[in-house]
Amino acid sequence: MTETMAGWPDRLYDTFKRAGIRQVGYVPDAGHARLIDRCRADPEIRDVVLTTEEEGVALAAGAWLGGERAVLLMQSSGVGNCINMLSLTRTCRFPLLMVITMRGEWEEFNPWQEPMGSIVEPVLKLCEAEIFRARKPDEVEGLAARALQTVFGDERIAAIILSQELIGKKVWTK
Amino acid sequence: MSLERRAAMATLIEGRGEDLLVVPGLGSTAWDLAAAGDNDRNFYLWGAMGGAAMIGLGLALAQPKRRVAVITGDGEMLMGLGALATIGIQRPDNLAVIVFDNGVYGETGMQPSATQSGADLLKVAGACGIATCLDVRDQAGLADLAGRLKSLRGTLFARVSIEANEPPRVLPERDGVALKQRFRAALGLKP
């Protein structure tokens, strides 16, 4: 694997830093592990592990009220947990970037991931989110920069969707 | 013994100072806060049930030199109970989460909440790692809480036992964008 192939979480972290992100809320996902490690190691970023993804929607609203930029990391299953709380974001026009690792769409072993995974994009569109889907590692950085501009430039909701093909297969047997 | 909610709110925010930021939960606590006097540093919720404490956390982390008080109801806190675990990890010095607990859902017809049947928010908050958890049941307890709110030194949780009454509604601004912009402007941020 080339550096470019493996390094997309680091490129994502770099774009967060350039955009001045100070709070990162997340429910852990294996696909986000490297990015979470980078954020946790950064004294300028407050990493906030959440019990459910909707907490992060509220956290990001509070951060913006106080003048800080936040992002929210989750797996596709977490999108469903956010829906009503996104009313806060939409009603008040809070900026919100959701970074979503996909399950249930490519070489998925676990059928329980498919119902939510299959409706992530339409549900987010109904919530007025702009979708930025990355399928290849070298697309991630450019899409992230555009998504951040949409979020903090226009005070909108954007979702960076990281395809399951990009992240790779979860290994079920060892 | 229980306290009257409007008087309790008024006591808590009396002489609040410019550095106290208040996030009430949706419904009764928002009306209580509006009744106590409007302020640009109030961020009234008309929805987002279960989110008040987390909005308070994001705000407290972003504004470490100001004090943040989340003042919400038992039903709203119960919907976002996990937030206490999340706050228990972060524990910003400048955050107070205060729950007006009357054991009922007042806005919807006084249906009983879980706190009436044994769910103990003080024990939950304590078990989540919040060191200071106050059980406020009388005027002396309320005065103590109001005093601590003046100079927060560590994350604080308080359960305030209030009467299950429903005073006349006092409705604050409900335009979310306007509320956000005036709040940020009051903090010297670009609206």
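Read the figures in this text as sums done on the coordinates, not as results from a lab. Note that the structure is a prediction, hence the values are computed from the model and not measured. Don't worry about glycine lacking a Cβ; one is built from the backbone with ideal geometry, like all the others, and counts go over all protein chains shown.
May I ask you to order A:126-139, A:82-95 by the average number of other C-beta atoms within 10 Å around their residues, highest value first?
The packing order, highest mean first, is A:82-95, A:126-139.
List the residues, sorted by chain then number, that are 5 or more residues from A:Arg46 or on another chain and whose placed amide H is less than 5 Å from its amide H.
Residues meeting the criterion, in which the H sits 1.01 Å from N, are A:Gln23, A:Val24.
Of all trypsin sites (Lys or Arg not before Pro) in the stretch B:97-191, which ones are in loop regions per DSSP and have a Cβ with at most 11 other Cβ atoms within 10 Å?
Details: sites: B:Lys123, B:Arg137, B:Arg148, B:Lys150, B:Arg153, B:Arg159, B:Arg169, B:Arg174, B:Lys180, B:Arg182, B:Arg184; in loops: B:Arg137, B:Arg153, B:Arg169, B:Arg174.
Listed in order of number, the matching sites are B:Arg153.
If we sort B:27-35, A:53-61 on the protection proxy, mean other Cβ atoms within 10 Å, highest first, what's the order?
A:53-61, B:27-35
For each pair in B:Lys123/B:Lys150; B:Lys123/B:Lys180; B:Lys150/B:Lys190, compute the distance between the two Cα atoms and list the pairs where it is over 31 Å. Please report the intermediate quantities before stating the final value.
Working: B:Lys123/B:Lys150 24 Å; B:Lys123/B:Lys180 33 Å; B:Lys150/B:Lys190 27 Å.
Cα-Cα > 31 Å for B:Lys123/B:Lys180; rest within.
With a sphere of radius 13 Å drawn around the Cβ of A:Glu155, what net charge do the other residues whose Cβ falls strictly inside it have (Lys, Arg +1; Asp, Glu -1)?
Residues close to A:Glu155 contribute a combined charge of +4.
For B:Asp19, put the label point 7 Å out on the Cα→Cβ axis and report which residues of the stretch B:26-58 keep their amide N under 17 Å from it.
From the stretch B:26-58, the list is B:41.
Summing Lys, Arg as +1 and Asp, Glu as -1, what charge do residues with Cβ under 12 Å from the Cβ of B:Ser113 carry, B:Ser113 excluded?
Its environment carries a net charge of -4.
If one computes P(r) from the Cα atoms of the stretch A:3-167, what percent of pairs lie at distances over 21 Å? Write down the numbers at each step before the final one.
Numbers: 5338 of 13530 pairs.
Within the stretch A:3-167, distances greater than 21 Å cover 39 percent of Cα pairs.
Quick check on chain B: helices-only [θ] at 222 nm, where DSSP H runs of length 4 and up contribute -39,500 (n - 2.57) each and the sum goes over total residues. Nearest 500, please.
On the way: 8 runs with 73 residues, N = 191.
Calculated at 222 nm, the ellipticity per residue is -11000 deg cm²/dmol.
Round to a whole angstrom and tell me the spacing of the C-alpha centers of the stretch B:100-130 and the stretch A:57-134.
Each part's Cα centre sits 29 Å from the other's.
Short version: ³J(HN,Hα) in whole Hz for each residue of the stretch B:172-181, in order, from phi by Karplus 6.51 cos²θ - 1.76 cosθ + 1.60 (θ = phi - 60°), x for Gly and Pro, what are they?
These are the phi-based 3J(HN,Hα) values: x, 3, 10, 7, x, 5, 5, 4, 5, 5 Hz.
Suppose every K and R has +1 on its Cβ and every D and E has -1 on its Cβ; what is the size of the dipole of chain A about the Cα centre, in Debye to the nearest 20? Could you put the intermediate results ahead of the total?
Working: 21 positive and 25 negative charges, 29 e Å.
Dipole size: approximately 140 debye.
Identify the residues of the stretch B:158-181 with backbone N under 20 Å of a label point that sits 7 angstrom from the Cα of B:Ala7 along the Cα-to-Cβ direction, or state none.
Answer for this model: B:159-170.
Could you calculate the contour length gain from A:Ala33 to A:Lys125, that is, 0.36 nm times the residue separation minus the distance between their Cα atoms, to one decimal place in nm? Before the final figure, lay out each step's value.
On the way: separation 92, 0.36 × 92 = 33.12 nm, distance 2.65 nm.
Fully extending the segment from A:Ala33 to A:Lys125 adds 30.5 nm.
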